[in-house]
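The values are calculated or read from the model by the stated rules, or taken from the named source; none is laboratory data. Here the structure is a predicted model, which is why all the values come from computation and not from measurement. Glycine also receives a Cβ, built like all others from the backbone with ideal geometry; neighbour counts cover every protein chain displayed.
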Amino acid sequence: MPIIVKPFTFTGSLTPLLSWLDADLDALYTIINNGLDDANIKTNAGIQQSKIAGLVQSLSSVPTLDGTRAYVGNIWARSNGAAALRLTGLETNGKDFLFAESVGELIIMANDGTESVPSWRTIYGFRHNGIPSSGRDVATKDYVDDRTSDLGIAEAAFTASPDFTVAASGSFATVPGFSAGIVLSGNHRVRVHTQLSGISSTDPNAVVAFLISANGAVIGASQIEVKAAAGFATHSFFSDVLVAGGYTFTLQWKTDAGTATMRASGDAQARMQIEEMSQ
């Protein structure tokens, strides 16, 4: 609507008589010309949306909380501080959660307090670079695969014939040919497992001990007591952290009585597995 111009103002001899009417008309023109405000609109006036420029189009694209209205584009919340979306469930056992942006990180928090006085606890974090840096950060499959794909594994089997025999001695004897080579991709621990499925001794009360060495340094030891002149032994442990690089693991053993024999053929072979751990 254009500006409404007042076409006439009382003058001459009418001015003293109708100055009040001029003032009333001036007030009306002032209100109509860019002076209408909320106080001048009737309550429940019923003004149609189509009469307000852009209102119908704007409201038609606004999503509803119940999801009954489709919309185009994204919901975009901008904040001068950390932006957040709070979801409070009122159902039985419902929980209060907060999805928040914090210094380039998306975090999910749970409220351990009350609704009016919340106590937020971070349960998950999503780093903007995809690299987790704390225990509560979520990692992608690609990240996990990359951390574990290069971990080394190795296995050795003692298959020589005849079987390996040692006599009672205070010194450990290296089992010939029973070694496994591995290259560690990082400074990691290793899991060592040996399966000695066929041990016999001429002395049923003998104690058989064995060692695992890596590049000549002992990293694990164990012993078994052979009963009824025959026995079965497994040896499994985690080493200390080893520096990245190549290692050769070997098995040594001895007996304190009689003569001990390790089967190396048939269905009772000795085996050793080496597995690099991710930590």
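If you go through the stretch 222-241 and keep only what is assigned to a strand (DSSP E or B), under 37 Å from the mean Cα position of the chain (by Cα) and either at pLDDT 85 or above or not β-branched (Val, Ile, Thr) (or both), you end up with His235, Ser236, Phe237, Phe238. Exactly one residue among Arg136, Arg69 is out of contact with any Cys (no Cβ under 6 Å at 6 or more places or on another chain) and in contact (Cβ under 8 Å) with a residue 12 or more places away in the chain, and that residue is Arg136. Here the strands (runs of 3 or more DSSP E) wholly within the stretch 104-215 that include at least 2 residues being modelled with pLDDT under 85 and of a type outside the set (Lys, Arg) are 153-158, 173-184, 190-201, 207-214.
Evaluating Phe99 against the criteria (1) surrounded by fewer than 11 Cβ atoms within 10 Å (Cβ to Cβ); (2) not assigned by TED's automatic domain parsing to the domain that holds Ala27 leaves one unmet condition, (1).
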